[in-house]
Amino acid sequence: MTGRLERTGVEDMSELKKNDIVTLTIEDYTGEGLGVARINGRVVFVRRGIRGETCEARIEKVLKNIAYAKVVSVSEPSPHRREPDCPWFGRCGGCDYRHMDYEEELEAKRRKVQNALRRLGGSDAEVEEILGAKQPTRYRNKVQYPISKDGAVGFYRAHSHDVTDIPVCLLQMEGAERAAEVLRQWMRRYEISGYDEQTGEGLMRHLYVRCNARGESLICLLVNGGRLPHERELVSMLREGVGDVKGVVLGINRRRDNVILADRYRTLWGEDRLEDVLCGLTFRLSVPSFYQVNREQAEVLYEKALDYADLHGTETVLDLYCGAGTITLVMAKKAGRVIGAEIVPEAIADAKENQLRNGVSNAEFFCGDASAIAEKLAKEGLHPDVITVDPPRKGLAEDVVSAIVRMAPRRVVYVSCDPATLGRDVRRFAEQGYHVSRCAAVDLFPGTQHCESVALLEK
């Protein structure tokens, strides 16, 4: 039987049971976008809760000191609450904030970065601003659709690997949606199997689509095998159904893990790279190359990083995790010398090509692990004036932080896609004498819990 407990009437968390209905006031947000409420000082995390509102919530899970709940009705709604604009919100795990307006979403993200700096980083630096997107829908220039064993082409449900077949997504460009629909039709027509993660059987693993500002697409089929049946038919259907396709690539991935991209690639038709313009520079991008998924906001992010670097034309800049050379070549506009390092060989090949394409003469690139290259350059006595880092979600390894400190740059510009690892690394830098002097958040992922930030660390 479902109980109804007033917020002040619960003495401890052990009184709560699954399916109880409780009255809660939402006080804040978690880093994952959940509302935070309290029952006699103990925390309840509330799905679809909005700061400042009082709601009725159903308890979904009870642990020793915390509980999880979902809003079922709102008695005192926030002025920021709105009706979700996507019918798959809640079934698909992609978005977290479609129940609130963009103004409140930005504030939730600013607080997320601020809390990470203070609680995890031990820093009293203020997040100066959060720079929101002018276009909060249809902004993603890359999508990787998982394909299920029953042929669904869509996205994972939250906290699962169950694929929800989603024909329309407000985050993706329309060319990607057309490619997904063509693939569904082709798989049904020729009875092509989807991949079964449990058994390792089935052919089609992922559909990868990268689009540029002109609406052109590069399409990659990630498969559990060396070839596709009816390759020509698929290429023909994609070219006709998607439009402005620059190339179709086959990626061979027989690994029994969650890695999406392939070990080997073969071009089925057209080109194996896509060209785009970022910060006035032209980039050619292969399938494995890292490139920010929101081009317009990436320009905002990189201009902020350039501002923090404070270059005057004579400085040496080292850019670790340089990908296809985007930040490196942006920094080259105002630096005396720039050095980019990246572990992915295809990305370094793209970076070198991008350097030549843009006529940049003061840049050089090295392929290798960030920690190994940083250690090597430190031993060689390189003392860059500025070091920029844009690491993956896991942040910097401790030996990378130590190698950076040994090179003694005047400034470290840290571009982060995860405030939690930024906070952890800020603490590591502080232990070695570098502290955050400036920080800004930039929203590259409207609708989702994710947020980029850039921090300036100085001695």
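Scan segment 69-88 for residues that are farther than 14 Å from Ile26 by Cβ and surrounded by fewer than 18 Cβ atoms within 10 Å (Cβ to Cβ) and report the count.
5
State all residues of segment 343-390 that are at pLDDT 95 or above, surrounded by fewer than 19 Cβ atoms within 10 Å (Cβ to Cβ) and of a type in the set (Gly, Ala, Ser); if no residue qualifies, say none.
Answer for segment 343-390, where residues must be at pLDDT 95 or above, surrounded by fewer than 19 Cβ atoms within 10 Å (Cβ to Cβ) and of a type in the set (Gly, Ala, Ser): Gly359, Ser361.
Quick one: count up the residues across segment 201-213 that are out of contact with any Leu (no Cβ under 7 Å at 6 or more places or on another chain), at pLDDT 95 or above, more than 17 Å from Arg264 (Cβ to Cβ) and not in a strand (DSSP E or B).
Total satisfying the criteria: 1.
Restricting attention to segment 75-127, which residues are more than 19 Å from Glu32 (Cβ to Cβ) and among the hydroxyl-bearing types (Ser, Thr, Tyr)?
Ser75, Ser123, listed by residue number.
Please verify whether segment 254-269 includes one or more residues that are touching a strand residue (DSSP E or B) at 6+ places or on another chain (Cβ under 7 Å) and without any contact (Cβ under 8 Å) to a residue 12 or more places away in the chain. Lay out the reasoning, then the answer.
In the first step, residues of segment 254-269 are kept if they are touching a strand residue (DSSP E or B) at 6+ places or on another chain (Cβ under 7 Å); the result is 260-269.
From what is left, the residues that are without any contact (Cβ under 8 Å) to a residue 12 or more places away in the chain are 263.
Yes, because at least one residue in segment 254-269 is touching a strand residue (DSSP E or B) at 6+ places or on another chain (Cβ under 7 Å) and without any contact (Cβ under 8 Å) to a residue 12 or more places away in the chain.
Tell me, which strands (runs of 3 or more DSSP E) wholly within segment 278-365 include 2 or more residues that are of a type in the set (A, V, I, L, M, F, W, C), free of Cβ contacts under 8 Å to residues at least 40 places away in the same chain and farther than 26 Å from Leu171 by Cβ?
Working: elements: 281-286, 316-320, 337-342.
Passing ranges, in order: 337-342.
Please go through segment 157-187 and pick out each residue that is assigned to a loop (DSSP other than H, G, I, E, B) and surrounded by 20 or more Cβ atoms within 10 Å (Cβ to Cβ).
We begin by selecting, within segment 157-187, every residue assigned to a loop (DSSP other than H, G, I, E, B); these are 157-162, 166-171, 173.
The answer is Ile166, Cys169, Leu171, Met173.
Please determine, by comparing only the residues of segment 421-459 that are within 19 Å of Asp307 (Cβ to Cβ) and among the hydroxyl-bearing types (Ser, Thr, Tyr), which one is surrounded by the fewest Cβ atoms within 10 Å (Cβ to Cβ).
Checking each candidate, the answer is Ser437.
When you look at Asp418, is it crowded, with 23+ Cβ neighbours inside 10 Å and within 15 Å of Glu32 (Cα to Cα), yes or no?
no
Under 18 Å from the mean Cα position of the chain (by Cα), closer than 30 Å to Ser416 by Cα and of a type in the set (S, T, N, Q), is that true of Gln114?
Working: under 18 Å from the mean Cα position of the chain (by Cα): no; closer than 30 Å to Ser416 by Cα: yes; of a type in the set (S, T, N, Q): yes.
It is false that Gln114 is under 18 Å from the mean Cα position of the chain (by Cα), closer than 30 Å to Ser416 by Cα and of a type in the set (S, T, N, Q).
Go through (1) part of a helix (DSSP H, G or I); (2) within 18 Å of Leu221 (Cα to Cα) for Gly154 and report which single condition fails.
Answer for Gly154: the failing condition is (1).
Name the residue, out of Ile39, Ile26, that is surrounded by 14 or more Cβ atoms within 10 Å (Cβ to Cβ) and closer than 30 Å to Leu422 by Cα. Working first, answer last.
Values: Ile39 fails: closer than 30 Å to Leu422 by Cα.
Sole residue among the options that is surrounded by 14 or more Cβ atoms within 10 Å (Cβ to Cβ) and closer than 30 Å to Leu422 by Cα: Ile26.
Show me the strands (runs of 3 or more DSSP E) found entirely inside segment 371-459 where at least 2 residues are free of Cβ contacts under 8 Å to residues at least 60 places away in the same chain and under 24 Å from Arg337 (Cα atoms). Walk me through how you get there before you give the answer.
Details: elements: 386-389, 411-416, 435-442, 452-458.
By residue number, 411-416, 452-458.
Working only within segment 108-133, note down all residues that are surrounded by 18 or more Cβ atoms within 10 Å (Cβ to Cβ) and either part of a loop (DSSP other than H, G, I, E, B) or β-branched (Val, Ile, Thr) (or both).
Passing the criteria: Val113, Gly121, Ser123, Ala125, Val127, Ile130, Gly132, Ala133.
The values are calculated or read from the model by the stated rules, or taken from the named source; none is laboratory data. Because the structure is a prediction, the values reported are computed rather than measured. Note that we place each Cβ from the backbone using ideal geometry, even for glycine, and neighbour counts take in every protein chain shown.
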